[in-house]
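A short worksheet on the structure shown next.
Every read-out reported here was derived from the displayed coordinates using simple, explicitly stated rules and does not represent laboratory data. Keep in mind the model is a prediction, meaning the values are calculated, not measured. Note that each Cβ is placed from the backbone with ideal geometry, even for glycine, and that neighbours are counted across all protein chains shown.
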Amino acid sequence: MFASVAGCSLAKSGMLTREQRMHAVPGLLELADDPSLDATTRSWVYQALREITDVSLPNEPATWRNWYAIHGTERVRQFRSEGSSVLGNN
């Protein structure tokens, strides 16, 4: 549970750029697959993924993994090109 709460905090962090927050996505994808997570914690994982990536996908680990495999690098480049925008400034 702590990891998913940290993920949500990271998603909203004004201390990190959008590009930096994208580096948390692989760990959040691992959490999404964790069978020991309760429903509330799992929903926080997906909320963090949505806030970090600016993508709205269903709460399905395979869908998110596929999206990240296809678009993750592209999204990092997009966020990099936007400069060092932080939450509230993007």
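Taking 7 Å steps out from each Cα toward its Cβ at His23 and Asp38 produces label points 3.2 nm apart. Once both labels are positioned 7 Å from their Cα atoms along Cα-to-Cβ, the gap between Asn59 and Glu74 label points is 2.7 nm. Taking each residue as 0.36 nm, the span from Asn66 to Glu82 lengthens on full extension beyond its C-alpha to C-alpha distance by 3.3 nm.
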